[in-house]
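Reading through the structure tokens given below for one structure.
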Amino acid sequence: MDWLVSMVADFELWLTAAWVALPEAVRFVLVALLKILVLIIPLIIAVAYFTYWERKIVGWIQNRIGPNRVGWQGVLQPFADVLKMQIKEVVVPANSNRFLFLAAPVVALVPALAVWAAVPMSEGFVIADINAGLLYILALTSMGVYGVILAGWSSNSKYAFLGAMRCAAQIVAYEIAMGFALVGVLMAGGSLNLGDIVRAQEGTSVLSWFVWPLFPLFLVYFISGVAETNRSPFDVAEGESEIVAGFHVEYGGIGFGLFFLAEYANMILITALTATFFLGGWLSPFAGVPGLADTWLALPSFGWLALKMGLFCFCFMWFRATFPRYRYDQIMRLGWKVFIPITIVWIAVEGVMAALEIGPWAAGV
Amino acid sequence: MISTVLFYSFAAILLVAALGVITSRNPVHAALFLVLAFVQSAALWLLMEAEFLAIVLVLVYVGAVMVLLLFVVMMLDINVESMREGFTRYVWIGAVVALLVAVEIGHVVWFRSSGLQFLSTPAPFPADYSNTRELGSVLYTEHVYAFEIAAIILLLAIVAAITLTMRRRPGLKAQNVAKQVAVRREDRVRLVKMDPSKD
């Protein structure tokens, strides 16, 4: 066994020497790539199991069993689905705009994955710790609509086009309410950096999270997030009963799979952002509870963020199993005439709170 | 070195995209080329450490303005042939305007600013320098009146545009959502109790 130990030690020495010999820029790129892999691979697996749990939970809520054929209790179902999508033929409609038709799924997926760069996972782990992180997230999520519009237009199909139009109008409408809700978070957190926003919620206990002083904004943000990702009950862009499947009606196989991945990555992003902005991100809910101090329950970690994200993911599935679809004019009314006024009023309320120094603005916090 | 390579590649794509905007026959393609041009110029601004402006350019122009423009362009039925009819008649006006613009750009770049300081590369700011904070502190202190007046003018423009385009046609049917929400079961459904028929 000695020769093996010495060989491993030699290899380690060689590796450290090679690492030090690399130029600074190359090392930076390698570390960044590694960080991206560490984030993206669990994200894709999370998307796969999101679909599995969605089918299971919606099944249970509706008194059905859900997928239970592939693997034990159907746990291998998502992999079977991915395999099926990959080996299907990619059909390009004859009168479509070929280049844009093939580019649209990629255009949808790239911003959906790129946004994750600025989302902090725990105290030390964020790929890009940028000062204008919140603006970056807003900018990239607003680019996600291009994939949908391009898919709808390039398919040269009336259903797809209708779905794309509905989707684009909906996203543009709810982005404004979302942006205003984030202005409130910005006022409370005092920073555009997501890590700093979480750190601003670090206080004595759960009561210092932003969800309490900003409760209306929390509701507006999460519901707008559901609408922004075109999820039930706001899924008129897909509307199976009226326009078949909306913007991706002409897509099959892996093209459809990429849209699916982008949509679910965006949903998980909304849960992560809601947890970060309002529920203290990676902070523990048991911090400050007497008797628990210094145990693992009171310490901040990625596990708490994952737990909060899971809670919101469950809400996504719950909504889908419970609510009937909104009518289109009701969606627009909710976005423009209800949510935007609520956010504007609450920003004014926050101004008063800041002037009187209550909540997150209290002196000395 | 790397930033020079990045600059030239972004600039090259920007030029190609800008040419595509005016040469492509399909208006949707032209709009998409414009989106690409915006994204590339945002990348150029990022290289110049103007990250706030770069992100806002993507947020406002790519994320909102161009989406609405695409929306309109996709629904138009543009006849390209009839658009090209007057080309030879108007070409001299276009040529004169193009020449003027070229002369002005040349004037600014070569004559007016020759030997000035800002042509040399400025020293980069330290890593903890926040572009957003600096812009905000200038906007909300020194230029606060200009900023607020600009905001009021924009708000006025929004209100004016809505009032100009909102027409109340007579006989228009609309839903009263408050009434719809307030409806109870008793208003719509009547439960009737009756004896089962005998025959």
For this session: Test A:Ile65 against the stated conditions and say whether it is without any contact (Cβ under 8 Å) to a residue 12 or more places away in the chain, under 30 Å from A:Phe323 (Cβ atoms), of a type in the set (A, V, I, L, M, F, W, C) and not in a helix (DSSP H, G or I).
Result: yes
For this session: Counting only residues that are modelled with pLDDT of 90 or more and crowded, with 20+ Cβ neighbours inside 10 Å, give me the helices (runs of 4 or more DSSP H) lying completely in the range B:1-58 with at least 3 of them.
Result: B:27-47
Exercise. Quick one: what pairs do we get from the range B:97-126, first residue at pLDDT 70 or above, second not in a helix (DSSP H, G or I), C-beta under 9 Å, 6+ apart or different chains?
Worked result: B:Pro124/B:Glu49; B:Phe125/B:Glu49
Seminar exercise, completed: If we ask which residues in the range B:131-148 are part of a helix (DSSP H, G or I) and either within 14 Å of chain A (Cβ to nearest Cβ) or within 22 Å of B:Ile55 (Cβ to Cβ) (or both), their number turns out to be 10
Problem set entry | Filter result for A:Tyr159 (more than 10 Å from chain B (Cβ to nearest Cβ), hydroxyl-bearing (Ser, Thr, Tyr), in a helix (DSSP H, G or I) and surrounded by fewer than 22 Cβ atoms within 10 Å (Cβ to Cβ)) | yes
For this session: For A:Leu299, state whether it is closer than 21 Å to A:Gly195 by Cα and at pLDDT 85 or above.
Result: no
Exercise. Looking at (1) modelled with pLDDT of 85 or more; (2) surrounded by 15 or more Cβ atoms within 10 Å (Cβ to Cβ); (3) touching a Ser or Thr at 6+ places or on another chain (Cβ under 8 Å); (4) not charged (D, E, K, R), which is the one condition that is false for A:Val82?
Worked result: (3)
For this session: Give the residues of the range A:348-362 that are of a type in the set (A, V, I, L, M, F, W, C) and part of a helix (DSSP H, G or I), sorted by residue number.
Result: A:Ala348, A:Val349, A:Val352, A:Met353, A:Ala354, A:Ala355, A:Leu356, A:Trp361
Seminar exercise, completed: Within the range A:193-210, the residues that are farther than 16 Å from A:Leu299 by Cβ and in a helix (DSSP H, G or I) are A:Leu194, A:Gly195, A:Asp196, A:Ile197, A:Ala200, A:Leu207, A:Ser208
Problem set entry | Positions within the range B:1-23 being within 14 Å of another protein chain (Cβ to nearest Cβ) and within 20 Å of the chain's Cα centre (by Cα), in sequence order | B:Gly20
Exercise. Which residue pairs have Cβ atoms closer than 7 Å, lie 6 or more positions apart in sequence or on different chains, and pair a first residue in the range A:25-41 that is more than 14 Å from chain B (Cβ to nearest Cβ) with a second residue that is at pLDDT 85 or above?
Worked result: A:Leu39/A:Trp116; A:Ile40/A:Leu113
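Residue by residue, here is whether (1) touching a strand residue (DSSP E or B) at 6+ places or on another chain (Cβ under 7 Å); (2) outside any helix (DSSP H, G or I); (3) at the interface with another protein chain (Cβ under 10 Å from one of its Cβ atoms) holds:
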{"site": "A:Val110", "(1), (2), (3)": "no, no, no"}
{"site": "A:Ser122", "(1), (2), (3)": "no, yes, no"}
{"site": "A:Ala128", "(1), (2), (3)": "no, yes, no"}
{"site": "A:Tyr136", "(1), (2), (3)": "no, no, yes"}
{"site": "A:Gly147", "(1), (2), (3)": "no, no, no"}
{"site": "A:Arg166", "(1), (2), (3)": "no, no, no"}
{"site": "A:Phe180", "(1), (2), (3)": "no, no, no"}
Exercise. So which of A:Glu242, A:Glu228 is within 14 Å of chain B (Cβ to nearest Cβ) and either buried (at least 23 other Cβ atoms within 10 Å of the Cβ) or farther than 25 Å from B:Leu69 by Cβ (or both)?
Worked result: A:Glu228
Exercise. Looking at A:Ala237, A:Ala275, which one is closer than 26 Å to B:Ser130 by Cα and touching a Lys or Arg at 6+ places or on another chain (Cβ under 8 Å)?
Worked result: A:Ala275
Exercise. Just to be sure, is A:Ile36 surrounded by 13 or more Cβ atoms within 10 Å (Cβ to Cβ) and closer than 30 Å to A:Ile137 by Cα?
Worked result: yes
Exercise. Out of the residues in the range B:167-182 that are part of a loop (DSSP other than H, G, I, E, B) and within 14 Å of chain A (Cβ to nearest Cβ), which is farthest from A:Gln330 (Cα to Cα)?
Worked result: B:Leu172
Exercise. Of all residues in the range A:313-337, which are without any contact (Cβ under 8 Å) to a residue 12 or more places away in the chain and either loosely packed, with under 13 Cβ neighbours inside 10 Å or more than 14 Å from every other protein chain (Cβ to nearest Cβ) (or both)?
Worked result: A:Asp329, A:Lys337
Problem set entry | Lone qualifier among A:Gly152, A:Gly195 - being surrounded by fewer than 24 Cβ atoms within 10 Å (Cβ to Cβ) and either small (Gly, Ala, Ser) or more than 13 Å from chain B (Cβ to nearest Cβ) (or both) | A:Gly195
Exercise. Considering only residues of the range A:124-147 that are among the β-branched types (Val, Ile, Thr) and within 17 Å of the chain's Cα centre (by Cα), which is surrounded by the most Cβ atoms within 10 Å (Cβ to Cβ)?
Worked result: A:Val145
Problem set entry | Filtered residues of the range A:76-94 (kept if assigned to a loop (DSSP other than H, G, I, E, B) and either closer than 19 Å to A:Pro42 by Cβ or within 14 Å of chain B (Cβ to nearest Cβ) (or both)) | A:Leu76
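The values are calculated or read from the model by the stated rules, or taken from the named source; none is laboratory data. Model, not experiment: these values are computed from the prediction. Cβ sites come from the backbone with ideal geometry, for glycine too, and all protein chains shown count toward neighbours.
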